[in-house]
């Protein structure tokens, strides 16, 4: 059995079993400290499964996964692109007929308890939106290159590390489709608990798959260009840190339309992929998007 299939079966079986046990023990919504701890641990499961498979195959754990610390310009790109994409999604969102800007932090309500949302709104009420946004960008970059990157690496060792390496020799877009589908479906217990789509948890499962498919091509491209899976962790960690910022200032719409994980975000991700594809074809002229993935 190919290593890619072994990993997909193992990670889904392990993760979904653990999530099922957590739900049976009383985890029933994607809110609060207990969920945050659980979700953080869930992110580390792909790396654990990779290590287990490498031990089974008598390979050196965490070797040959692209864990390179040789810094280059793409490490900076990995932190900037998610922020640009989130704000692009915000701009697209404002074009929707039923969505408007508000500085009242109403967008917090679907994602926090009423008490948490009220406390946050009161805490930030006296801060001008521009100052708040700039502070959040700085915080997102710090988190994206540190603590968030650590937990995101737990995932990325699996998706853009082991699985990507196992699929070498195939073209980038079909590989992105496969990784995106598996990555999205892997989230399904969390989505059903209300993660990212608290208003539409069932429809959210399909939305999450689409989101992960659209997110994957550029992430793979950055990994190949940087020659390091660490850039995927930085990208992922920064995106997690900044993704909620646009939702805070939106009134109208819902979790299927708003933000980076909604329809507005899908449009932004399509534009992001197109921009990198055009860069690849006409500026770098490497044609990574259209040729088979080789060594990197």
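The table that follows gives values for the structure above.
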{"item": "More than 16 angstrom apart: percent of Cα pairs within the stretch 208-296", "result": "59"}
{"item": "Theoretical gain in end-to-end length, residue 203 to residue 284 [0.36 nm per residue, Cα-Cα removed]", "result": "25.3 nm"}
{"item": "Order by protection proxy (mean Cβ within 10 Å, highest first), peptides 132-141, 192-201", "result": "192-201, 132-141"}
{"item": "Full-extension gain in nm, residue 173 to residue 251, via 0.36 nm per residue minus C-alpha separation", "result": "24.5 nm"}
{"item": "Sorted by Cβ neighbour density within 10 Å, fewest at the top, the residues 168, 160, 70", "result": "70, 168, 160"}
{"item": "Rel. contact order, % - alpha carbon contacts under 8 angstrom, at least six apart, the stretch 205-296", "result": "31"}
{"item": "Sequence of 98, 280 once ranked by neighbouring C-beta atoms within 10 Å, starting from the fewest", "result": "98, 280"}
{"item": "Computed label-point distance, nm, for sites residue 127 and residue 52 using a 7 Å Cα→Cβ extension", "result": "4.0"}
{"item": "Mean ellipticity per residue at 222 nm, deg cm²/dmol - from DSSP H runs of n ≥ 4 across the chain, formula -39500 (n - 2.57)", "result": "-20000 deg cm²/dmol"}
{"item": "For the stretch 3-283: relative contact order, % (alpha-carbon pairs under 8 angstrom, 6 or more apart)", "result": "32"}
{"item": "Where labels lie 7 Å past Cα in the beta-carbon direction, separation of residue 96 and residue 71 in nm", "result": "3.9"}
{"item": "Sequence of 221, 35, 282 once ranked by neighbouring C-beta atoms within 10 Å, starting from the fewest", "result": "282, 35, 221"}
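Read-outs throughout are calculated quantities, based only on the coordinates presented, and are distinct from any laboratory measurement. Please read all numbers here as calculations on a predicted model, not as lab measurements. In this analysis, Cβ positions are derived from the backbone assuming ideal geometry, glycine residues included, and neighbour counts consider all displayed protein chains.
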